[in-house]
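Dropping a structure here in structure tokens format, bear with me for questions.
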Number of protein chains: 2
Amino acid sequence: MSRIPPSPRRPAGRPRRASAAATRPQAVALLAKTFRRDGYDGASLATLSQATGLGKSSLYHYFPGGKVEMAHAVLDFSVDAARRNVFSAVAAPGPPAERLRELLRRMELFFERGTSACILGRLSASVDRDQFREPLTRVFKAQTEAIARLLVEAGVPRPTARARAEDTVISLQGALVLSSGTGDPAPFQRMMARLRRDLLAPVKRTRR
Amino acid sequence: MSRIPPSPRRPAGRPRRASAAATRPQAVALLAKTFRRDGYDGASLATLSQATGLGKSSLYHYFPGGKVEMAHAVLDFSVDAARRNVFSAVAAPGPPAERLRELLRRMELFFERGTSACILGRLSASVDRDQFREPLTRVFKAQTEAIARLLVEAGVPRPTARARAEDTVISLQGALVLSSGTGDPAPFQRMMARLRRDLLAPVKRTRR
DNA sequence: GTCTATATTTTGATAGAC
DNA sequence: GTCTATCAAAATATAGAC
């Protein structure tokens, strides 16, 4: 009697093997993609192995600390990528208003117009988030300060700039939550449009 | 010879047994707390069993569909709790501006001033989020519409009200992400203060 | 460095006594 | 309804050949 082996549970739309990593940096990039999609708790070593095309032993060769070390490497990698590809617009030459427009444009591309999640949000939601608390705190703060700096340059008073900058980081994370949960990138896109409209709005006089 | 059994790995600060559920609704409330803290992927049956004081078999008696059914029950329960304890302020008697103030006050309490997470965000970040996509979409939309309704009543033009309402839902989720990831409730509290200040701000004339 | 194979623990889930 | 005992599968991780 031939038994039909039960097909392994593989979520639809997840490629068995995206490609194969030949170097550690390549592996980190593929791990990043997987952690962003599945979250830290949701990504298993089997998933990560498939995504990188590396056997588990190879993964442990590159990351002796296992999953936690992989996530830390991914976090470093992603933060660096965001700095180079997005936040570099802050210190670019040109008028502040144009740099802000460019920053927002790159942000939108970085998150694939709302179809990709953010590793910061995923790690923040993990049950082991204490493992990542320090870098997360540092990165959220750095992003806020970078945006605030640009707003100040563009003429926004410093306290307002600080508030709007934190609001931008918060809105980014929140919009990605909604777009991830609903499977609809529209909330992210509308949020980006709102930022473009409001970030440089003149400051209202305080009531007296 | 007496053997010393190895103590099971239990994350610090997680109570072995919060209390004991005698009824299904009580169980759901305790499950909700656990899913909010650990996320869907991060909460194991062992965790959920400890949190409710029920054995796994009892859990399966109440929730034959296992973890997914538990999460759906928790989602229903939490949405109902939010409706009764928070959003009921929208339809209360009194001037709209006061109702809005009350809505925000209750929101802040509901999330324990930023020390508690939201089940919507946690499920949105889960690897099995497709399981919850429809209710999540429905709930995010309902929340947005409720807030928009109140803003319109308070005199905000409908398109602006809609945008500000979605921005409120997004900011709520985003602030909870930051507060969860950094372990610091301050971002949530500052965000709430910003909402109080800005939600009823006069609409800027569009440039022409 | 990568593989196959395996060890060990934990997972989600069930059986069956009470 | 709840428990103890148990299952098969999947989890993280390691051993050792090549």
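Kindly provide the set of residues from the stretch A:20-48 that are more than 11 Å from DNA strand D (Cβ to nearest atom) and farther than 18 Å from A:A125 by Cβ, ordered by number.
Matches in the stretch A:20-48: A:A20, A:A21, A:A22, A:T23, A:R24, A:P25, A:Q26, A:A27, A:V28, A:A29, A:L30.
Identify, please: which residue in the stretch B:65-75 is within 16 Å of DNA strand D (Cβ to nearest atom) and in a helix (DSSP H, G or I) and is, among those, farthest from the chain's Cα centre (by Cα)?
It comes out as B:G66.
Considering the stretch A:26-37 alone, what residues qualify as being away from DNA strand C (no atom under 16 Å from the Cβ) and in contact (Cβ under 8 Å) with a residue 24 or more places away in the chain?
Within the stretch A:26-37, A:A32, A:F35, A:R36, A:R37 meet the criteria.
Same structure again: Could you run through the stretch B:133-174 and say how many residues are more than 9 Å from chain A (Cβ to nearest Cβ), farther than 21 Å from B:A92 by Cα and among the small types (G, A, S)?
Matching residues across the stretch B:133-174 total 0.
Now, a different point. Restricting to the stretch B:117-132, count the residues that are in contact with a Leu (Cβ under 9 Å, 6 or more places away or on another chain), over 17 Å from B:D80 (Cβ atoms) and more than 7 Å from chain A (Cβ to nearest Cβ). First the steps, then the outcome.
We begin by selecting, within the stretch B:117-132, every residue in contact with a Leu (Cβ under 9 Å, 6 or more places away or on another chain); these are B:117-121, B:123-124, B:129, B:131-132.
Subset that is over 17 Å from B:D80 (Cβ atoms): B:117, B:121, B:124, B:129, B:131.
Checking which are more than 7 Å from chain A (Cβ to nearest Cβ) leaves us with B:117, B:131.
Selection size over the stretch B:117-132: 2.
Of the residues B:R133, B:R122, which is within 25 Å of A:G39 (Cα to Cα), of a type in the set (D, E, K, R) and surrounded by 21 or more Cβ atoms within 10 Å (Cβ to Cβ)? So that I can check it myself, show each step before the final result.
Details: B:R133 fails: surrounded by 21 or more Cβ atoms within 10 Å (Cβ to Cβ).
Selected residue: B:R122, the only one of B:R133, B:R122 that is within 25 Å of A:G39 (Cα to Cα), of a type in the set (D, E, K, R) and surrounded by 21 or more Cβ atoms within 10 Å (Cβ to Cβ).
Follow-up. So in the stretch A:49-64, with the set limited to residues that are free of Cβ contacts under 8 Å to residues at least 24 places away in the same chain and touching a Ser or Thr at 6+ places or on another chain (Cβ under 7 Å), which one is farthest from DNA strand D (Cβ to nearest atom)?
Here the answer is A:G55.
While we're on this one: If I ask for residues that are among the charged types (D, E, K, R) and touching a Lys or Arg at 6+ places or on another chain (Cβ under 8 Å), which ones from the stretch A:120-139 would you list? Don't jump to the end; show me each part of the working.
Residues of the stretch A:120-139 among the charged types (D, E, K, R): A:122, A:128-130, A:133-134, A:138.
Hit for the stretch A:120-139 is A:R122, nothing else.
Okay, moving on. For residues that are at pLDDT 95 or above and not in a helix (DSSP H, G or I), tally how many sit in the stretch B:5-47.
6
So which residues in the stretch A:50-78 are buried (at least 18 other Cβ atoms within 10 Å of the Cβ) and of a type in the set (G, A, S)?
Passing the criteria: A:A51, A:A71, A:A73, A:S78.
Go through the stretch B:38-61 and give me each residue that's more than 9 Å from DNA strand C (Cβ to nearest atom) and among the acidic types (D, E).
Passing the criteria: only B:D38.
Another question, if that's okay. Exactly one condition in (1) within 14 Å of DNA strand C (Cβ to nearest atom); (2) β-branched (V, I, T); (3) farther than 22 Å from A:A22 by Cβ is not met by A:V86; state its number.
Among (1) within 14 Å of DNA strand C (Cβ to nearest atom); (2) β-branched (V, I, T); (3) farther than 22 Å from A:A22 by Cβ, the lone unmet condition for A:V86 is (1).
The values are calculated or read from the model by the stated rules, or taken from the named source; none is laboratory data. Bear in mind that the values here come from a model prediction, so they are computed numbers and not experimental data. Neighbour counts are summed over all protein chains in view; Cβ atoms, including those assigned to glycine, are modelled from backbone coordinates with ideal geometry.
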